[in-house]
1. Taking region 303-347, which trypsin sites (Lys or Arg not before Pro) meet the DSSP loop condition and have no more than 16 other C-beta atoms within 10 Å?
2. Under a Cβ-Cβ cut-off of 14 Å, what is the net charge of the residues other than Leu71 that fall near it, where Lys and Arg count +1 and Asp and Glu count -1?
3. Output the peptides 29-42, 340-353 sorted from most to least packed, where packing is the average of other Cβ atoms within 10 Å over each peptide's residues.
4. Do the sum for the chain: with -39,500 (n - 2.57) for every DSSP H run of n ≥ 4, divided by all residues, what is the mean residue ellipticity at 222 nm, to the nearest 500 deg cm²/dmol?
5. Could you compute the net charge surrounding Ala44? Neighbours are other residues with a C-beta less than 9 Å from the C-beta of Ala44; K and R count +1, D and E count -1.
6. How would His66, His210 line up by accessible area, probe 1.4 Å, largest first?
7. For the chain, calculate the relative contact order in percent as a whole number, restricting contacts to Cα pairs under 8 Å that are 6 or more residues apart.
8. Excluding same-chain residues fewer than 8 positions from Lys148, which lysines have a Cα within less than 16 Å of its Cα?
Amino acid sequence: MLTKTKIYLSSPHMGGSEQHYVNNAFNTNWIAPLGPHVDGFENAIETYLDEDVYVAVLSSGTASIHLALQLLNVGQGDEVLCQSFTFSASANPIVYQGANPIFVDSESDTWNMSPELLEIAITDRIKKYKKPKAIIAVHLYGMPYKVKEINAIAKKYDIPVIEDSAEALGSTYFGQKCGSLADLGILSFNGNKIITTSGGGALITKNKDHKQKAVFLATQARDAAPHYEHTKIGYNYRMSNVLAGIGRGQMEVLDDRVHARRTNFEFYKNYLSKIQSIQFLEEPEGFYSNRWLTCIATNSFEQREQIRLALLKEDIESRPLWKPMHMQPVFKKAISYTNGFSEQLFNRGLCLPSGSNLTQDDLERVVQIISKA
Ligand SMILES: *Cc1c(COP(=O)(O)O)cnc(C)c1O
């Protein structure tokens, strides 16, 4: 009998030339947080994003958000507005800076930050305390947030936006690439993301000085001197040349990866949207998602659990949608502006196996089990 293999939610998928770049790093002894692959990977991302941007590759997406907050001078006691429906890494760096996250709930068209609630939050914070220092908006699961609306509100109140594009490399908004749509953007190359360097991230800016300052901070804030001279607290956040080599190889297959994940989504939708109680998130006009993870919304918590457990029994990994930050014990004291939407999604939603390396057999197994459940 053929034993069935485990199906993962989203696993790494190498293209082929990664090893060539890594070998090159070994052969040339560039085993350091600098070198030709670091420059090459940054250039590849800059070219891909296709806008006038500067990219600094770093040790993680979380480190990239942390440095973005520093570039915006977010410090002790400041407030930063952050999408509540996200992974904790969007919000944690706010706390690293001694600042306070203020969480904003989502809207139903994209599942991302509600522009209406954002404006309510801004005016209320100004009335009660002081103007928030930054806005962190997230293209969750690859679906772009309402960029035009969020940017308009940000401009109206003169608050910079950090675009958390950790899950959205390859997504576009009216033809423009996600990551290049706000004052500062970030990417993640963690092992589960659409492309990976095992761990890594990038900061995207439109300002050359910003990039220089980010790289300076990411390499221990060393001033120009023959000895080690420091006037600022630095970090060890730069990406290594070895991992950047993996990144260069992954960039060569990014378009294929987006195509494969979008094909997964279409497959699931074709087979499962016949089931009345299962809904998919559609793309609004002009929005193009990389469909990093295919998510479904069911009718109830019980139905969601029934599906999740049926898959688990067959060694298939699925996962409830992100638990909103305003519901997390660690943020229970944080102020939030909510409408109940992300809480509902958390209770009824499920991420299905979505890797770009899933086979047709894998996908068929998944839909069969869900149909039966
Ligand atoms: C993965 C992720 C991050 C953090 O990236 P790391 O590289 O894992 O530090 C931040 N925000 C979101 C929305 C993510 O999914």
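The values are calculated or read from the model by the stated rules, or taken from the named source; none is laboratory data. This is a predicted model, so every value here is computed, not measured. A quick note on method: Cβ atoms are made from the backbone with ideal geometry, for glycine too, and the neighbour counts reach across all protein chains shown. The protein model used for the area step is the full one, side chains on, heavy atoms only, and it has no ligands, DNA or RNA in it. Shrake-Rupley method; radii C 1.70, N 1.55, O 1.52, S 1.80 Å.
1. Numbers: sites: Arg304, Arg308, Lys313, Lys332, Lys333; in loops: Lys332, Lys333.
Hits after loop and neighbour filter: Lys332, Lys333.
2. On the way: positive: Lys133, Lys206, Lys208, Lys211, Lys213, Lys232; negative: Asp78, Glu163, Asp183, Asp209.
Result for the neighbourhood of Leu71: +2.
3. Descending packing order for the listed peptides: 340-353, 29-42.
4. On the way: 12 runs with 140 residues, N = 373.
Helix-only estimate at 222 nm: -11500 deg cm²/dmol.
5. Values: positive: Arg248; negative: Glu42, Glu46, Glu252.
Charge balance in the 9 Å sphere: -2.
6. Numbers: His66 10, His210 45 Å².
Ranked list, largest accessible area first: His210, His66.
7. Working: 821 pairs, mean separation 92.1, N = 373.
Normalised by residue count, the contact order of the chain is 25 percent.
8. Lys156, Lys177
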